[in-house]
1. For a footprinting-style exposure proxy, rank 127, 5 by other Cβ within 10 Å, fewest first.
2. Can you work out the base-10 log of I(q)/I(0) for the chain at q = 0.08, 0.21 1/Å, using the Debye formula on its C-alpha atoms alone?
3. If we count other beta carbons within 10 Å of each Cβ, what is the order of 117, 18, fewest first?
4. Would you calculate, for the chain, the mean residue ellipticity at 222 nm contributed by helices, counting each DSSP H stretch of 4 or more residues as -39,500 (n - 2.57) and dividing by all residues, to the nearest 500?
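Here, each number is a calculation from the coordinates, and none is a lab measurement. These numbers were taken from a predicted model, which means no experiment stands behind them. Counting neighbours? That spans all protein chains shown, and the Cβs are built from the backbone with ideal geometry, glycine included.
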């Protein structure tokens, strides 16, 4: 852009902004703000942010949380060193069930793929055409049913 044009535009905008009247706040704004501040101050300590709690309660909650975190870390460490057999036994049956389902699903997908491969492209094209026709039929019948159901309710 032209720097002279920018300077003229800037001066014009500044002049227009200075001519604007001062904005005044609504008369009820001050009372609403004071009410909101008083409501926050009168809230019980457990509804206020943690930083606003009494010092003794903050210290006690910090000690409890640190103890819980330490216990969790210690339990995880103990479990990783001495309880690996327990974890293996407990979750091994569950994981073996998932493995069996995965094997069955992969065998089923392989069999379907083999069927489509043996039947050839004409069967696949016919199958997809029948599927598309069935979807279009269901969509059309559903639309017809909705129009019939709502025909008496709406006045156009």
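1. Placing the least packed residue first, the sequence is 5, 127.
2. -1.00, -1.24
3. Going from sparsest to densest Cβ surroundings: 18, 117.
4. Working: 5 runs with 124 residues, N = 156.
So the helix-based figure for the chain works out to -28000 deg cm²/dmol.
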